[in-house]
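Novice: Sharing a structure, written as structure tokens. Questions coming.
Just so it is clear, none of the values below were taken in a lab; they were calculated from the coordinates. Keep in mind it's a predicted model, so treat the numbers as computed, not measured. Here Cβ is always computed from backbone atoms with ideal geometry, including for glycine, and neighbour counts include all displayed protein chains.
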Amino acid sequence: MTQPWDDGLLHALRQMEQVDSPLDYALVLQRMAATLQDSHVGLVNPVLSEYLGTASPGVRLARVEAKIAVVRLDADGEAARAGLRAGDVVLSVDGEDAEQRTRRFADLLGGSTSAGRDRNGLRVILGGDEDKAAVLQVERGDGKVRSVSLKRRKIASPPAPPSAVPYRLVDARIGYVDLDHLLPEQVDAMFSELGQTDSLILDMRGYPEKIISSLTARLNVRGVRPAAMFSRPVLSAQQPMDVREVFVQTIPPARSAPYSGKIIMLLNEWTQNRAEHAAMFIQAATPVTFIGSATAGANGDITNTVLPGNIVVRFTGQEVRHVDGKPLQRVGVQPHIASAPTLAGLRAGRDDVLERAIAFARNGE
């Protein structure tokens, strides 16, 4: 943390003196939790959920060229039928300036990094009541401003995946794997199909299934075992409060010869927790080139406590470091090659970051 926890606690206690409603109480607790500067932080509380919005159109927004842009539409196509397009710049939501709305929620929700805070704000700015449509003012590439009305749903259709299959050949020399959708039982089949390529692009701009151990065992050209260091406080009546349990997580032994080609991994601010853990394991197992932007910087499981009013507060429960001792929390995994989406690319249906990775796989630059 870059600010003492006692300062955040004292500020929250002073705010409590002004509380006169359940929502005020929940907002003070949420702001207090946000001072932990942890992207895992969140409150489970129906009053706060109502404030943030219980329904959403299921559209993903992101910061693109310093603007709030639509990067994915819902899988069932309802947003597209309403007139929304990838690459549209969102100017306002329900009559409120989109930038101000994002900052309002980002300040409330917090995050491990500035990009994580911004992502958390963008994640909820389309939320609202199920019976009230989200009205967006958007600007398209032609410079014209349009109004789009999107239906909010309590169980929103998730954003459409970037690929209908979890792995494929880009060409005879390059393989692509969508780790967001690769299932544990598909790992061996994936290597059977892509194992003879010269380069493997692992797309970790999402959240993986439980594939880390089996995947890294097939990539472990270094033959190492340690992959991540864990540390967590242990409190008991018999020991001082500063006792910590430390342990190392390891890569399992390989059952076959490891993949020996070039490994490239795509990262961004949505790469968090288990996804960051995958990056750490792969970095320990094999030379890897990270392309994209810094990850969320929040890894180490999630623990919780219950505060008066039956409000559950979630936060990171363990410290996780790289095997060389370098921190991950509030730092994230940093890219070797910075690459980000562009408005032109989104509007043309291109994946700029993936294209940058393919170019690197082909020419090493």
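Novice: Restricting things to alpha carbons, tell me how big the chain is in terms of Rg and Dmax, in Å.
Specialist: Cα only, the chain: 21.9, 69 Å (Rg, Dmax).
Novice: Taking H as built 1.01 Å from N, whose amide H comes closer than 5 Å to the amide H of Tyr167, not counting residues under 5 places away?
Specialist: Asp178
Novice: Name the residue farthest towards the positive end of the dipole of the chain from the options Pro327, Ile358, Gln37, assuming +1 on Cβ of Lys and Arg, -1 on Cβ of Asp and Glu, about the Cα centre.
Specialist: Comparing the listed Cα positions along the dipole, Ile358 ranks first.
Novice: Cβ neighbours within 10 Å, averaged per peptide: list 11-23, 296-308 in order, most packed at the top.
Specialist: Values: 11-23: 11.8, 296-308: 17.5.
The peptides rank, most packed first, as 296-308, 11-23.
Novice: What value, in deg cm²/dmol to 500, does the helix sum -39500 (n - 2.57) over DSSP H runs of n ≥ 4 give at 222 nm once divided by the residues of the chain? Don't skip to the end; give the middle numbers.
Specialist: Details: 11 runs with 102 residues, N = 365.
-8000 deg cm²/dmol, from helical runs alone.
Novice: Using θ = phi - 60° and the Karplus curve 6.51 cos²θ - 1.76 cosθ + 1.60, what whole-Hz ³J(HN,Hα) does each residue of segment 72-78 get, with Gly and Pro shown as x?
Specialist: Each residue's phi maps through the Karplus curve to give 8, 9, 4, 5, 7, x, 5 Hz.
Novice: Which of the peptides 37-47, 216-226 is most tightly packed, and how do the rest follow, judged by the mean count of other Cβ atoms within 10 Å per residue?
Specialist: Ranked by mean Cβ neighbours within 10 Å, highest first: 37-47, 216-226.
Novice: Using θ = phi - 60° and the Karplus form 6.51 cos²θ - 1.76 cosθ + 1.60, what ³J(HN,Hα) does each residue of segment 12-27 get, whole Hz, x for Gly and Pro?
Specialist: So the J values, rounded to whole Hz, are 5, 5, 5, 5, 4, 5, 9, 6, 9, 7, x, 5, 4, 4, 5, 5.
Novice: Using amide H atoms built in the peptide plane, which far-off residues or other-chain residues are under 5 Å from Asn268 H to H?
Specialist: Amide H to amide H, under 5 Å and 5 or more residues apart or across chains, Asn268 pairs with Ser293.
Novice: Given H placed 1.01 Å from N in the peptide plane, which residues other than close sequence neighbours of Thr289 have an amide H under 5 Å from its amide H?
Specialist: Ile263, Ile264, Met265
Novice: Also, quick follow-up: Rank by packing, highest mean first: peptides 248-258, 57-67, with packing defined as the count of other Cβ atoms within 10 Å averaged across residues. Spell out each step's value before the answer.
Specialist: On the way: 248-258: 13.8, 57-67: 18.9.
So the order, starting with the most tightly packed, is 57-67, 248-258.
Novice: What list of ³J(HN,Hα) couplings, whole Hz, do you get for segment 319-326 from phi and the Karplus terms 6.51, -1.76, 1.60, once you set θ to phi - 60° and write x for glycine and proline?
Specialist: These are the phi-based 3J(HN,Hα) values: 8, 10, 10, 5, 5, 8, x, 5 Hz.
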